[in-house]
Amino acid sequence: MSADTNGRSTKVRKFKVDRDAAPWHGRYAPYDLAKEFLVALVVVVVLVGGLAVLFGSPDDKPVTVKSWSTANPIDFAQTATTELDGTSGTAGYGPPYNLNGTAQSIGPIIPAKWLGVHHPIDTAQDFVLGPLSTLPDNPEVQAAITEYQSASATQQQAWTAAYEKAVANATYSDGKLVVPKGDYGPVATLIAAETSMARSGALDGALLSSRQFYGTDYTKPLLFIADGQYLANLADNQHLSGDQWGMMNETGSYPGQAWLWLYTLWYQVPPANTSSNGDIQVFAIMIVLTALLALVPFIPGLRSIPRWSRLYRLIWREHYREVERDGGARAAAVPTG
Amino acid sequence: MTIVDPKPARPDQADLDKAAGRPEDAAQWTAKIRETAVEALPPQKLLPDRQPAYVASWIYVFGVTTICALLVVIATGLVLAIMGPNWWHVSSTGLFVNSLHLWSVEVFFFAMVVHLWGKFFMAAWRGRRQATWITGVVCFLVSVGAAFTGYLSQQNFDSQWISTQAKDGINSTGAGAIFNVTNFGQMIMWHITLLPLCVLALVGIHVLMVRLRGVVPPFPAKGEVPEGTEVPAANATEVEA
């Protein structure tokens, strides 16, 4: 503590060059903020307009269940089988879709469990049996659904396992899925009907989550499509896969979300690129780094990097030239009591 | 005969004084808010026509460039919102507006990142400007979220792929329970209302803070303010603890 000229006590503290800044008592120069703003706005508008005219923007058509099952019916049939027997990615995902999988964790911390299942998905019912049960005038399919649902879990497993193995060698000709003969119970009928329904476009509508006329939630069709290989193969061709720095890319040769480069970087290196907990590990790293960036003014050492780098000498080179011309006369800038 | 209504005269200072600032009204909340605001940011400080002589570098342009790009983002986004989410997929004019929107976002982030790193290497948090720095960083983060939800709202292959990949990251944090990246309706609402409002509010607060504290001065040159000098808070508010 010290006292001011009126005898009042006042707080003092040591000046720290990376934390404090002395009040400016030097020269002021005209600076037309309004003019700068207008010029910058014109430059930005012209630049953006030029880039838009020259390069446009990408708009690759979305994949639909219809387009997927038409382009690659075998991949579709394989995926539908895994949805039916509960071995697909979504079926074994865990929260927030179901409780069938192990959520990602860091040590004992499993954040996905905190809020639990919020978008419940039973892949067998929601992706296969439910949509098929909406097919009108198709007693064969309805009987297959009943037979499948009435069977024991072991029997269901035996049918789907056999079919899953066989469908890998299936072909598609004359509008039909041709699978080598075997004991698949009702599964062959179910998957063939599901494939036909998908190719007709009816499955796209049946998968929409909404039970009302208007719907905007595409969670179910998106997860179903993403369980297959077709979407991933298209993405890979467009350099969008995780190991291609895909998180910051977009289709075509557009810059994409370049600002996510650091986030994407962690997916390219251990531990995230090999760990089953990679996503949460990357999030944890980014949370720490972001906190460091936001709190850098309070972190000794980190807040000294700008001074050590001396890049500020480049930014304020005119100022320092002026200071050097004036010699030590500017020492008057030291605040006094 | 034509009767022309005289243009109403602008109130002169005497009239304004009658309407505000009377001593008997000083206890009013309105009066207190006005007095506090004017005291903190008088017009000369809010919109100065002079700056310290050290404000003379191209790096200072990137702050205002960020704001200008944000205005173009908002303007083009408004056109897209007015015409609806399907418009740009079926209209060449719509596609062009979408291209303007995309490239203004790219320019916005480019300018913002240069501005951020420029301010980092100027240690622009010095002199009680920590909150200015933090609002800038938070603004960047919220902008990343706004752009991300924009990519999710495109209704094309990009948004399909991005949403189905990003869900794993979001779900791993537990946030997927309430922030469902595969729900188009939820994402577009975040993109066109919540997040832009947050960005605009944060930019507004950030700019007001810059005006309140002024542009950070250079590091002291040799001989100026040696490290460890005792600084009285009373007349050097920039260095108060």
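The values are calculated or read from the model by the stated rules, or taken from the named source; none is laboratory data. These numbers were taken from a predicted model, which means no experiment stands behind them. Ideal geometry is used to build each Cβ from the backbone, glycine not excepted, and the neighbour counts take in all protein chains shown.
Kindly indicate whether residue A:83 is assigned to a helix (DSSP H, G or I), more than 9 Å from chain B (Cβ to nearest Cβ) and either closer than 18 Å to residue A:223 by Cα or at pLDDT 95 or above (or both). Give the derivation first.
Numbers: assigned to a helix (DSSP H, G or I): yes; more than 9 Å from chain B (Cβ to nearest Cβ): yes; either closer than 18 Å to residue A:223 by Cα or at pLDDT 95 or above (or both): yes.
When the stated conditions are applied, residue A:83 passes them.
Identify all residues within the range B:56-66 that are in a helix (DSSP H, G or I) and facing chain A (nearest Cβ under 8 Å); write none if there are none. Walk me through it before giving the result.
The first filter runs over the range B:56-66 and keeps only residues in a helix (DSSP H, G or I), leaving B:58-66.
Selection gives B:59, B:61, B:64, B:65.
The number of residues in the range B:67-102 that are within 12 Å of another protein chain (Cβ to nearest Cβ), under 22 Å from residue A:40 (Cβ atoms) and not hydroxyl-bearing (Ser, Thr, Tyr) comes to 12. Where helices (runs of 4 or more DSSP H) fall entirely within the range B:75-177, those with at least 1 residues that are small (Gly, Ala, Ser) and at pLDDT 95 or above are at B:92-121, B:130-152, B:157-172.
Mind telling me which of the residues A:281, A:257 ends up being of a type outside the set (Asp, Glu), in contact with a strand residue (DSSP E or B) (Cβ under 9 Å, 6 or more places away or on another chain) and either more than 8 Å from chain B (Cβ to nearest Cβ) or within 20 Å of residue B:151 (Cα to Cα) (or both)? Full working, then the answer.
Working: A:257 fails: in contact with a strand residue (DSSP E or B) (Cβ under 9 Å, 6 or more places away or on another chain).
Criteria check complete, one pass: A:281.
It is to be established whether one or more residues within the range A:217-231 are among the small types (Gly, Ala, Ser), assigned by TED's automatic domain parsing to the domain that holds residue A:154 and not in a helix (DSSP H, G or I). Yes, the conditions are met somewhere in the range A:217-231. The set of residues from the range A:45-64 being more than 7 Å from chain B (Cβ to nearest Cβ) and aliphatic (A, V, I, L, M) comprises A:46, A:53, A:54. The single condition among (1) more than 15 Å from residue B:102 (Cα to Cα); (2) surrounded by 14 or more Cβ atoms within 10 Å (Cβ to Cβ); (3) in contact with a Ser or Thr (Cβ under 9 Å, 6 or more places away or on another chain) that residue A:61 does not satisfy is (2). Set side by side, the residues A:172, A:214, A:184 differ, and just one is farther than 22 Å from residue A:147 by Cα and either among the polar types (S, T, N, Q) or over 28 Å from the mean Cα position of the chain (by Cα) (or both), which is A:172.
Check whether at least one residue in the range A:213-220 is crowded, with 16+ Cβ neighbours inside 10 Å, touching an Asp or Glu at 6+ places or on another chain (Cβ under 7 Å) and within 14 Å of another protein chain (Cβ to nearest Cβ), and report yes or no. Full working, then the answer.
Kept after step one, since they are crowded, with 16+ Cβ neighbours inside 10 Å, are these residues of the range A:213-220: A:217-220.
Add one more test, that the residue is touching an Asp or Glu at 6+ places or on another chain (Cβ under 7 Å), and what stays is A:220.
Checking the rest, the ones that are also within 14 Å of another protein chain (Cβ to nearest Cβ) come to A:220.
Yes: one or more hits.
In the set A:314, A:293, which member is part of a helix (DSSP H, G or I), modelled with pLDDT of 85 or more and either of a type in the set (Asp, Glu) or loosely packed, with under 13 Cβ neighbours inside 10 Å (or both)?
None of the other options fit; the residue is A:314.
If you go through the range A:86-116 and keep only what is among the aliphatic types (A, V, I, L, M), assigned to a loop (DSSP other than H, G, I, E, B) and more than 8 Å from every other protein chain (Cβ to nearest Cβ), you end up with A:91, A:99, A:110.
Would you be able to say whether some residue in the range A:64-73 is within 30 Å of residue B:103 (Cα to Cα) and either out of contact with any Phe, Trp or Tyr (no Cβ under 7 Å at 6 or more places or on another chain) or crowded, with 21+ Cβ neighbours inside 10 Å (or both)? Yes: the range A:64-73 contains one or more residues that are within 30 Å of residue B:103 (Cα to Cα) and either out of contact with any Phe, Trp or Tyr (no Cβ under 7 Å at 6 or more places or on another chain) or crowded, with 21+ Cβ neighbours inside 10 Å (or both).
Annotation: residue B:51 fulfils all but one of (1) part of a helix (DSSP H, G or I); (2) modelled with pLDDT of 95 or more; the unmet one is (1).
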